1. Name every residue in region 61-76 that is surrounded by fewer than 18 Cβ atoms within 10 Å (Cβ to Cβ), polar (S, T, N, Q) and within 24 Å of Ile12 (Cα to Cα), in order of residue number.
2. Report those helices (runs of 4 or more DSSP H) wholly inside region 105-224 carrying at least 1 residues which are in contact with a His (Cβ under 9 Å, 6 or more places away or on another chain) and at pLDDT 75 or above.
3. I'm told Leu74 meets every condition in (1) within 33 Å of the chain's Cα centre (by Cα); (2) closer than 22 Å to Ala7 by Cβ; (3) not polar (S, T, N, Q) except one. Can you identify the failing condition by its number?
4. Can you pull out every residue in region 24-60 that is touching a residue at least 60 places away in the same chain (Cβ under 8 Å) and hydrophobic (A, V, I, L, M, F, W, C)?
5. Is it the case that Phe102 is at pLDDT 85 or above and not in a helix (DSSP H, G or I)?
6. So in region 1-30, with the set limited to residues that are β-branched (Val, Ile, Thr) and surrounded by 11 or more Cβ atoms within 10 Å (Cβ to Cβ), which one is modelled with the lowest pLDDT?
7. Of the residues Asn116, Asn104, only one is assigned by TED's automatic domain parsing to the domain that holds Ser169 and out of contact with any strand residue (DSSP E or B) (no Cβ under 8 Å at 6 or more places or on another chain); which?
8. Quick one: what pairs do we get from region 61-82, first residue β-branched (Val, Ile, Thr), second assigned to a helix (DSSP H, G or I), C-beta under 8 Å, 6+ apart or different chains?
Amino acid sequence: MTANMGAKLEDIGARKTVTGLLKIDEKTTAEEIAAYSVLNRKGYSKIVQNLDASNLALVSTTLPKNDCFNGCALWKLLKGKYTGSDLVAQSSALDHFLDLEFSNVGSFCSAIRLSNQCLVLANVLKDDQVKIMIMLRKLSRNQFQSFRDIIAMGFATETFELSVKRLESYAVFNNIKKEASPSSTTQATMMSTTTSTSKPGVLCLHCGKTGHHTHNCWVKYPEKAPKTKAAHLTVQDNYAQLADKSSSDSNGHFTYFRTPNGNCYHLDNCKFENVKYF
């Protein structure tokens, strides 16, 4: 019996009844028999509520109708399926535990609890510390690295069920809902790559260069161009315009400027007072 299931049955006082530790004999009083019957039915309900789909199917098709709501009979049926002498059952339970994958905290914790129940019933992988280490390896390092460190340093000797509860609490406290899937990450990377590589295909109808539209063409609108060399180096979308000889020199320095009154001039046309030009 798993620690989790045992604790749940113990909470309702049905653990000894369901597992057969408490037996009825000729000395048992009518009141004790009545109490035994009530606990046996409660134990049956508690076990059924914690079974996975495959075990529910087993119970519905295998358990005799006369044993309906008989917790002791249900326990014997499940224990018989996962008996320690059944190598096939042991292998199946171990494979299921090892093959579990993390998708989100809620479903992962439920699945690993049920898988651990199968391990205990099959009498395989009894060491809780080994199971805890296997569980930690299934968690994402990005989201659960600190949790892995906490368990490894301070709680490596506690029970498997307590470690699962700590995982649930950690996820709630840190607002961890779902692990990003590799496919979505790949898709996002492809989308960003496509977006970044599609920009050079834009063609300006005014100057015939790629990488910008007519409305922000520096040839048509010189006032929109960067005014310093440093600014040129930080501009990416319209960098192709720097090679335009009509708006810049061989070094990429722009030769147009606009005065505060709105007039646009070429540097060659600028004359300063009291300066002699040759």
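1. Listed by number, the list holds a single entry, Asn66.
2. The qualifying helices (runs of 4 or more DSSP H) are 105-121.
3. The number of the failed condition is (1).
4. Of region 24-60, the ones touching a residue at least 60 places away in the same chain (Cβ under 8 Å) are 50-52.
Listed by number, the list holds a single entry, Leu51.
5. Details: at pLDDT 85 or above: yes; not in a helix (DSSP H, G or I): yes.
Yes; evaluated as a whole, the condition is true for this residue.
6. Going residue by residue through region 1-30, those that are β-branched (Val, Ile, Thr) are 2, 12, 17-19, 24, 28-29.
Pick out the ones that are also surrounded by 11 or more Cβ atoms within 10 Å (Cβ to Cβ) and you get 2, 12, 17-19, 24, 28.
Working: Thr2: 58, Ile12: 89, Thr17: 89, Val18: 89, Thr19: 86, Ile24: 84, Thr28: 86.
Out of the qualifying residues, it is Thr2.
7. On the way: Asn104 fails: out of contact with any strand residue (DSSP E or B) (no Cβ under 8 Å at 6 or more places or on another chain).
Being assigned by TED's automatic domain parsing to the domain that holds Ser169 and out of contact with any strand residue (DSSP E or B) (no Cβ under 8 Å at 6 or more places or on another chain) holds for just one of Asn116, Asn104, which is Asn116.
8. Between residues of region 61-82 that are β-branched (Val, Ile, Thr) and residues that are assigned to a helix (DSSP H, G or I), the close pairs are Thr62/Leu77.
The values are calculated or read from the model by the stated rules, or taken from the named source; none is laboratory data. Because the structure is a prediction, the values reported are computed rather than measured. With ideal geometry, Cβ positions are generated from the backbone for all residues, glycine too; neighbour counts draw on all protein chains shown.
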